[in-house]
Amino acid sequence: MPTKIELIVDNQDDNDALDAQWPGLLQLARALPGLERLESGKVWPKEDGSPTPAHRSLLLYFPGYDAASAAVAGPEGGAFFQAFFPAVHGKVTALFTDIEEG
C-alpha cells in the first residue's frame with residue numbers, strides 16, 4: 001500500500017528562522033531514496049489574528065511501507081532527520097500513514 005510520512009510542524013518561537021532553513025530541509029528530503037512525491041505547505045494565517053494550529057507541513061510519499069522505512073533508515077534519512085528535528089525544536093507530529101484512498 002502507498003505510504004506517506006506526514007510531518008506537521010507546530011508554531012515555533014521564531015517561525016522566520018525555520019522558514020529560512022526550509023529550502024535546505026526540502027533539498028535533503030528530496031534526496032530520500034524511493035521518494036515519489038513531496039508536498040510542502042505553510043499554514044495560512046487566521047483571519048481573526050489568533051495563532052494557527054501549526055506552522056508548516058511536509059508530506060513525503062513512497063510506494064509502500066518498506067520503501068518509506070528504508071528511506072528513513074538509510075544515510076539520506078539520517079541526514080534529513082538530523083537536520084529536521086533540531087530545526088523544528090522537536091515541535092512536530094510525525095505520522096507514518098497507510099494511504100487508503102487518494
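The values are calculated or read from the model by the stated rules, or taken from the named source; none is laboratory data. Worth saying up front: this structure is predicted, and the values here are computed from it rather than measured. Cβ sites come from the backbone with ideal geometry, for glycine too, and all protein chains shown count toward neighbours.
Checking each residue in segment 21-43 for being within 19 Å of VAL88 (Cβ to Cβ) and assigned to a loop (DSSP other than H, G, I, E, B) picks out ALA31, LEU32, VAL43.
What are the pairs, 6+ residues apart or on separate chains, where a residue within segment 22-46 that is surrounded by fewer than 16 Cβ atoms within 10 Å (Cβ to Cβ) has its Cβ under 9 Å from a residue that is acidic (Asp, Glu) and part of a helix (DSSP H, G or I)? That search, which allows pairs on different chains as well, returns ALA31/GLU76; PRO33/GLU76; LYS42/ASP19.
The C-beta contact set for segment 67-96 (first residue under 23 Å from ASP14 (Cα atoms) and modelled with pLDDT of 95 or more, second residue of a type in the set (A, V, I, L, M) and in a strand (DSSP E or B), distance under 6 angstrom, 6+ apart or interchain) comprises VAL88/VAL9; VAL92/LEU7; VAL92/VAL9; THR93/ILE8; ALA94/LEU7.
The condition of being of a type in the set (A, V, I, L, M, F, W, C), touching a Leu at 6+ places or on another chain (Cβ under 6 Å) and surrounded by 14 or more Cβ atoms within 10 Å (Cβ to Cβ) holds for PHE84.
Here ALA83, ALA31, ALA87 are screened, and the one residue that is in contact with a helix residue (DSSP H, G or I) (Cβ under 7 Å, 6 or more places away or on another chain) and under 23 Å from ILE99 (Cα atoms) is ALA31. Cβ separations smaller than 6 Å between residues 6+ apart or across chains give the following pairs from segment 4-19 residues that are on the phi < 0 side of the Ramachandran plot to residues that are among the aromatic types (Phe, Trp, Tyr): LYS4/TYR61; ILE5/PHE96. Here SER50, SER57 are screened, and the one residue that is outside any loop (DSSP other than H, G, I, E, B) and without any contact (Cβ under 8 Å) to a residue 60 or more places away in the chain is SER57.
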